[in-house]
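Note sheet for the following structure.
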Amino acid sequence: MVFNYRLLVLVVLPTILTSSQANRYDGFKLYELSDDTGHEVQLLQYLQRHRPSCDVWALSKLGHKRVLVPPTLQKSVEKFFADYHVNYTLQVEDFGRVYEARQKESLVAEGGGTFLNSFPTYEEINEYLMKLAMENFEWIRIRVIGWSVEGRPIRAITINPKKQDTIIVDAGVHAREWITVSAALYLIKKLIDDSDQYRMFHEYKWVIVPLVNPDGYMYSMSTDRYWRKNRRRYNGTCGGVDINRNFGYNWDAGAEEYANQCHAGYRGAAAFSEPETKALRSILDNNDEAKLYISLHSYGGYLIYPWTSSSSQVKNVANLRKVGVDAARAIWQYSKNEYKVGASSEILRYQATGTSIDYAYSVGIQLPFVLEIAEYGYSDFQPPAKAINELVKETFVGIKELVYGMRRLLAQNANTKGR
């Protein structure tokens, strides 16, 4: 199969966020904690539980841990660090000033306006998907799988719909993680444009949801670049639900901070209360032959498998670890960026309830992974447009190796049954 599909050219948007909107971060400070005591993760969780306006960016067992603190809490937070003998460095003195300067940067890198060097809008994503469906109607399907809180359609693209063994990929669950959307679009491009090179990939049905949270994504582009949740409204000052805390497996198991509406990880009023979560559940529930599920997130450099909500191990943990380690090794060979592999409690030192990979495993998908894009060298949810190309290609290497790992396991299982 040879397809001469030309990349959709995107509208060039020199700046999406206005400078006046940067004022929301005036005086904020960004702190980075070392890992001297071994309890920094727990202390940051405690801090965010009781001071939810503190935005914890990174909670890794190894490596940096960052927290963005508003002016009114800085003295108390610094005292908190001192009381618990936590060493920290002040990474950004006035985050609002840095934030404003970065918004003046072009969101399109030199060389044009494709999604390999610019961040697409919601409308551009939909236009691209519809164009694909029209030009490749024999083997591509586009359908609406649900509607967001604000009424926007959530679309899935299915490639090779007549195949049985299925791979599910989603992106854009958290609004500020724009790079995940770009990575999903690049994956779609590779599956179509380079189908001869990756013939093995076309032995499977692919179901890809490149933007699960369209409302939050648009809000992060227009109003608050670091918004994480969906756009659920509540009476009061806080709003939004973390879609990746709203799934029905162990939704309310511990983690009391996720019950706070102001928390960045608020789990919602009930399991599957959010239309975005229900839309993704429809994909996970209705693909009985799904063998591999990949949920793209950023930033961190992790390959995470279940359980996220418990420290206990799943039955096939050895298979998950081998597939994950092989993918991490492939990424290292490609870019020399190191990805950590394991369950959430192993590599992050905390448990997250109501996540999509735990739910996927609970309904029978044996290889569910979060691939959390590293963004090395940027350490932020906002890599520059010039970095998109290298980041999505690195992510594709990881996805490719996860598929190879799945394929090897399927072959081993078939050989075992044949004996």
Next on the checklist: If I filter the stretch 365-379 for residues that are over 26 Å from Ser312 (Cα atoms), of a type outside the set (D, E, K, R) and touching a Lys or Arg at 6+ places or on another chain (Cβ under 8 Å), do I get at least one hit?
Outcome noted: yes
Checklist entry - Among (1) in the same structural domain as Tyr219 (by the TED database); (2) open to solvent by 10 Å² or more (accessible area, probe 1.4 Å); (3) at negative phi; (4) touching a residue at least 12 places away in the same chain (Cβ under 8 Å), where does Asn160 come up short? => result (3)
Checklist outcome for this item: Only unsatisfied item for Asp288, checking (1) more than 17 Å from the chain's Cα centre (by Cα); (2) modelled with pLDDT of 95 or more, is (2)
Checklist outcome for this item: The correct count of residues that are modelled with pLDDT of 90 or more and surrounded by 16 or more Cβ atoms within 10 Å (Cβ to Cβ) in the stretch 338-352 is 5
Next on the checklist: I need the helices (runs of 4 or more DSSP H) fully contained in the stretch 275-390, keeping only those with at least 2 residues that are among the aromatic types (Phe, Trp, Tyr) and outside the structural domain of Gln42 (by the TED database).
Outcome noted: 317-335, 356-362
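Taking only the stretch 178-224 into account, find how many residues are polar (S, T, N, Q) and closer than 12 Å to Ile125 by Cα. Break it down into steps so the answer makes sense when it comes.
Step one: filter the stretch 178-224 for residues polar (S, T, N, Q), giving 180, 182, 195, 197, 213, 220, 222-223.
Remaining after also requiring closer than 12 Å to Ile125 by Cα: 182.
Adding up the residues that qualify gives 1.
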Next on the checklist: Looking at (1) open to solvent by less than 10 Å² (accessible area, probe 1.4 Å); (2) at pLDDT below 90; (3) not β-branched (Val, Ile, Thr), which one does Asn213 not meet, given that it meets all the others?
Outcome noted: (2)
Next on the checklist: So, in the stretch 342-377, how many residues would count as being within 22 Å of Val41 (Cβ to Cβ) and among the aromatic types (Phe, Trp, Tyr)?
Outcome noted: 3
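How about the stretch 136-157: which of its residues are in contact with a strand residue (DSSP E or B) (Cβ under 7 Å, 6 or more places away or on another chain) and either over 12 Å from Val207 (Cβ atoms) or surrounded by fewer than 20 Cβ atoms within 10 Å (Cβ to Cβ) (or both)? Give the steps one after another, and end with the answer.
Taking the stretch 136-157 first, the residues in contact with a strand residue (DSSP E or B) (Cβ under 7 Å, 6 or more places away or on another chain) are 139-148, 153-157.
Hits for the stretch 136-157 are Trp139, Arg141, Ile142, Arg143, Val144, Ile145, Gly146, Trp147, Ser148, Pro153, Ile154.
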Next on the checklist: I need every pair where a residue in the stretch 85-97 that is under 21 Å from Arg225 (Cα atoms) has its Cβ under 7 Å from the Cβ of a residue that is modelled with pLDDT under 80 and not aromatic (Phe, Trp, Tyr), sequence separation at least 6 or different chains.
Outcome noted: Val92/Val98; Gly96/Ala22; Gly96/Asn23
Next on the checklist: Testing Leu116 on (1) at pLDDT 90 or above; (2) surrounded by 15 or more Cβ atoms within 10 Å (Cβ to Cβ); (3) out of contact with any strand residue (DSSP E or B) (no Cβ under 6 Å at 6 or more places or on another chain), one condition comes back false. Which one is that?
Outcome noted: (1)
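It is to be established whether one or more residues within the stretch 229-246 are in contact with a Leu (Cβ under 8 Å, 6 or more places away or on another chain) and open to solvent by less than 30 Å² (accessible area, probe 1.4 Å).
Looking for residues that are in contact with a Leu (Cβ under 8 Å, 6 or more places away or on another chain) and open to solvent by less than 30 Å² (accessible area, probe 1.4 Å), one finds at least one in the stretch 229-246, hence yes.
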Checklist entry - When residues of the stretch 53-71 are filtered for being open to solvent by less than 50 Å² (accessible area, probe 1.4 Å) and at pLDDT below 75, how many remain? => result 5
Next on the checklist: If a residue counts only when it is of a type outside the set (A, V, I, L, M) and within 23 Å of Phe272 (Cα to Cα), which helices (runs of 4 or more DSSP H) contained entirely in the stretch 111-229 have at least 3 such residues?
Outcome noted: 214-222
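Going by the structure shown, is Ala264 assigned to a loop (DSSP other than H, G, I, E, B), more than 13 Å from Thr353 (Cβ to Cβ), open to solvent by 10 Å² or more (accessible area, probe 1.4 Å) and not aromatic (Phe, Trp, Tyr)? Lay out the reasoning, then the answer.
Working: assigned to a loop (DSSP other than H, G, I, E, B): yes; more than 13 Å from Thr353 (Cβ to Cβ): yes; open to solvent by 10 Å² or more (accessible area, probe 1.4 Å): yes; not aromatic (Phe, Trp, Tyr): yes.
Yes; evaluated as a whole, the condition is true for this residue.
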Next on the checklist: Cβ-Cβ under 6 Å, sequence separation 6+ or interchain: first residue in the stretch 395-419 and among the small types (Gly, Ala, Ser), partner at pLDDT 80 or above and part of a helix (DSSP H, G or I). Which pairs?
Outcome noted: Gly398/Ala327; Gly398/Ile331; Gly405/Val323; Gly405/Asp326
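I want to confirm something. Restricting to the stretch 374-396 and keeping residues that are open to solvent by 20 Å² or more (accessible area, probe 1.4 Å) and either of a type in the set (Phe, Trp, Tyr) or modelled with pLDDT of 90 or more (or both), which single residue is farthest from Gly301 (Cα to Cα)? Step through it out loud before you land on a result.
If we filter the stretch 374-396 for residues that are open to solvent by 20 Å² or more (accessible area, probe 1.4 Å), which is where we start, we get 376-379, 384, 386, 389-390, 393.
This time we only want the ones that are either of a type in the set (Phe, Trp, Tyr) or modelled with pLDDT of 90 or more (or both), so: 376, 378, 389-390, 393.
On the way: Tyr376: 8, Tyr378: 12, Asn389: 17, Glu390: 14, Lys393: 14 Å.
Within the stretch 374-396, the match that is farthest from Gly301 (Cα to Cα) is Asn389.
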Checklist outcome for this item: Counted residues in the stretch 252-270 being closer than 27 Å to Ile179 by Cα and either at pLDDT 90 or above or of a type in the set (Ser, Thr, Tyr) (or both) come to 4
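The values are calculated or read from the model by the stated rules, or taken from the named source; none is laboratory data. Since the model is a prediction, treat every value here as computed from it, not as a measurement. When we count neighbours, we look across all protein chains shown, and the Cβ atoms used for this are built from the backbone with ideal geometry, even at glycine. Accessible surface is based on the protein model in full, side chains and every heavy atom, while ligands, DNA and RNA are left aside. Shrake-Rupley method; radii C 1.70, N 1.55, O 1.52, S 1.80 Å.
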